[in-house]
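Reviewing the structure listed below.
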């Protein structure tokens, strides 16, 4: 099987681990609804709830914000950095881990780990410094955390390329198309998709394309309907989106030119469903 567009450089997988924040066994991946599992059924949670009244007050506020959120509107941040260990543990159990998680590399060695909760559109965003000390811990209500959008374009470059190597076949017209699509990008417009299954590329084509577009600072993993890996390239508005089967083989290898790929974002209906689900959790465990 041919290699896909995005291939991790040596050691990159260790440095860019994509996993939910917190304890994996607290929840199984899933969108809102009966299939979403949180960790509040664990023994001993009653004591946590009694000690953490602030968390109980926060959940209805989050539910109200979710009910009013729109997919294309700016998100809302809730700073939980100063919450104590019990409060953060209870939040992790109440919110669980959802379908989408990721890592964003920021300047000065700062890393942002993001994890969607079982309430789609409600995210945990945790910032760590170069020594892996947590320097910020937030809840964010948004289609995708703002740090993902900003990091993907903050230091991104335009499409620029020199003379191609020998034995290339289709990479030069493809790069010209990508450059035209990037130049024409407008926020909110539908992304343009390049499907490598339908676009024959020689190994030399793919190597030159990878070198030209570069490796960007954002890596996301969606486990919604099969596994999907999303990586920002170092080129503005160009993303690698790869879908995998149960054998961890690439079954669809694409580039998307546009905003953050929709497979990683919450939709408007997710916010309403998540609001109702969070109110149900609050009613069942905190009253």
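For segment 223-276, just say rounded, prolate or oblate: build the C-alpha gyration tensor, square-root its eigenvalues into a ≥ b ≥ c, call rounded for a/c under 1.5, and beyond that prolate if a/b exceeds b/c, oblate if not.
Oblate, since a/c reaches 1.5 and b/c is not below a/b.
Specify the residue with the greatest mean-square fluctuation among 56, 188, 102, computed from a Gaussian network of the chain linking alpha-carbon atoms under 10 Å apart.
188
What percent does the relative contact order of the chain come to when contacts are Cα pairs within less than 8 Å and at least six residues apart?
It rounds to 23 percent for the chain.
Sorted from largest to smallest, which semi-axis lengths in Å does the alpha carbon gyration tensor of segment 152-264 give for its equivalent ellipsoid, taking the root of 5 times each eigenvalue?
22, 18, 12
What number, in percent, do you get for the relative contact order of segment 152-264 if the mean sequence gap of Cα pairs under 8 Å and at least 6 apart is divided by its residue count?
31 percent
Once R0 is set to 45 Å, what does the formula 1/(1 + (r/R0)^6) return for the Cβ-Cβ distance between residue 84 and residue 207, expressed as a FRET efficiency to the nearest 0.05?
Working from the Cβ atoms, E equals 0.30.
Have a look at 260, 182, 148 and tell me which one the Gaussian network model of the chain (Cα, springs below 10 Å) gives the largest fluctuation.
Comparing 260, 182, 148 in a Gaussian network model of the chain, the most mobile one is 182.
Read the figures in this text as sums done on the coordinates, not as results from a lab. Worth saying up front: this structure is predicted, and the values here are computed from it rather than measured. For neighbour counting, all protein chains shown are included, and Cβ atoms are generated from backbone atoms with ideal geometry for every residue, glycine included.
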